[in-house]
Amino acid sequence: MGITAAALRLPKRHFNALDLSRLLAACAVLFWHYQHFFVPPVDFEFHVRRSIAPFYHQLAWAYDYGHVAVEYFWAVSGFVFAHVYLADTGGRGRFWLARLARLWPLHLLTLVVVAALQAGYTVTNGTAFIYHHQDLWHFVLNLGMAQTWGWQVNQSYNGPSWSLSTEMLAYAGFWLLLPRLQRLPAKWGLALVAAVAIAMFALIFANVLPPDQPAEALAAKLSTVVNCIAYFFAGTAVYAAALNGWLPIRALVTLAPVLALAGWSMSGMKHHGHDAAILAGTFAVLCAMLAIDLADRDDVLRFGRKLGDASYGIYLWHFPLQLAMVLVVDATVHTRMVFRAPALLIVFVGLAVIAGFASARWIERPAQRAVLRLADRISRCYAVKTAV
């Protein structure tokens with residue numbers, strides 16, 4: 001007997017708590033990157049004492065560890081992709097067009113905006129702001145979302161988009177495995193995606209680096225890709241485990257605090273203790289959000305769906321917004337220490353969130369529809385020509 005599509009999808013249509021958590025994760029990145037405001041015009045790495053940021057003592061975790069939200073994004077993506085595509089037999093054919101329509105227009109727009117702002121900053125200061133590789137080669141890499149595939153010197157242009165670039169390779173791996181995952185029984189699908197995740201995590205924790213320096217540098221660049229694929233497929237494995245009935249609400253409620261405690265206990269360990277803590281903490285939050293969603297049978301948290309839609313815009317707009325604020329402050333106040341004021345933190349976070357919601361409504365969705373309409377028109381024209 002063949003595997004039915006219904007057997008590959010959880011009965012829950014939307015995971016609203018997960019969507020809401022994406023918004024909170026995007027905001028966490030804002031606090032991690034707030035330190036950029038205190039970096040002077042230098043053409044090398046500059047370390048900031050983050051404790052000078054406003055409300056640091058109250059928000060120390062966000063300022064010091066907001067970057068771990070990226071791993072959470074990857075894990076949630078793997079979970080959501082499994083929910084969307086495993087039961088969709090025609091989804092593989094639409095996969096890349098759907099990804100292009102959803103992600104590339106805003107990526108292109110923010111890339112161009114940052115390029116223009118960086119040009120103005122460089123004219124004034126003789127160097128770029130934070131991400132210094134503003135050349136044609138890195139622009140082309142960014143244009144193709146390939147800026148962290150190993151060909152780069154370092155991060156460039158709209159720097160936070162590096163995580164989007166690595167995720168494209170995780171998407172490719174998922175797309176390649178999708179037909180097999182759709183044919184296999186759920187338990188064997190779980191074994192397959194878990195094997196991919198474990199293999200990638202093994203590379204990370206085994207600290208496998210070639211002995212010669214150039215190859216070691218390349219391996220360091222590619223480690224972000226390996227990390228992304230690991231978290232993405234681990235998120236897919238969580239979905240597959242839930243599909244098999246191995247993660248009921250009771251198990252999730254137990255697992256979430258256990259993982260959180262394990263992460264806390266490992267955080268101070270040497271030799272990948274930090275990495276292990278991020279891994280445990282990421283899936284502690286994912287399990288907690290999944291438990292809330294499965295318990296929310298009446299869809300009380302449906303407001304989280306729209307809030308989560310803003311996360312992509314917040315993530316991509318916050319650096320150009322930050323660069324614009326620095327240009328204004330440099331031209332008027334002439335000291336970046338003004339960013340120690342709580343009011344400017346509120347302005348930065350508030351504007352980034354507003355930009356995220358505005359972008360989702362007036363840029364991302366219209367652009368997505370336009371790309372899909374254009375693709376449909378091209379497909380129809382091609383069909384007519386081949387029929388003639």
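Observations on the model:
- Yes/no for Ala82 being in a helix (DSSP H, G or I), touching a residue at least 24 places away in the same chain (Cβ under 8 Å), in contact with a Phe, Trp or Tyr (Cβ under 6 Å, 6 or more places away or on another chain) and surrounded by 17 or more Cβ atoms within 10 Å (Cβ to Cβ): yes
- Test: residue in region 363-382 that is within 21 Å of Phe31 (Cβ to Cβ), over 23 Å from the mean Cα position of the chain (by Cα) and not basic (Lys, Arg): no
- Among the residues making up region 132-158, those that are crowded, with 18+ Cβ neighbours inside 10 Å and in contact with a His (Cβ under 9 Å, 6 or more places away or on another chain) are Asn142, Met145, Gln147, Gln152, Gln155, Ser156, Tyr157, Asn158.
- Some residue of region 342-365 being of a type in the set (Lys, Arg) and either farther than 26 Å from Leu18 by Cβ or touching a strand residue (DSSP E or B) at 6+ places or on another chain (Cβ under 7 Å) (or both): no
- Residue in region 243-259 that is part of a loop (DSSP other than H, G, I, E, B) and at pLDDT below 90 present: no
- On inspection, Trp362 fails the criterion of being buried (at least 18 other Cβ atoms within 10 Å of the Cβ) and out of contact with any Asp or Glu (no Cβ under 9 Å at 6 or more places or on another chain).
- Residue match in region 18-32 (condition: within 26 Å of Ile249 (Cβ to Cβ), more than 14 Å from the chain's Cα centre (by Cα) and not basic (Lys, Arg)): yes
- Exclusive hit being within 18 Å of the chain's Cα centre (by Cα) and within 30 Å of Arg373 (Cβ to Cβ), set Tyr65, Tyr157, Tyr72, Tyr85: Tyr157
- Some residue of region 307-317 being touching a Gly at 6+ places or on another chain (Cβ under 6 Å) and outside any helix (DSSP H, G or I): yes
- Failed criterion for Cys287 (all others in (1) crowded, with 16+ Cβ neighbours inside 10 Å; (2) in contact with a Lys or Arg (Cβ under 9 Å, 6 or more places away or on another chain); (3) of a type outside the set (Phe, Trp, Tyr); (4) without any contact (Cβ under 8 Å) to a residue 60 or more places away in the chain hold): (2)
The values are calculated or read from the model by the stated rules, or taken from the named source; none is laboratory data. Just so it is clear, the model here is predicted, and its values are computed rather than measured. Counting neighbours? That spans all protein chains shown, and the Cβs are built from the backbone with ideal geometry, glycine included.
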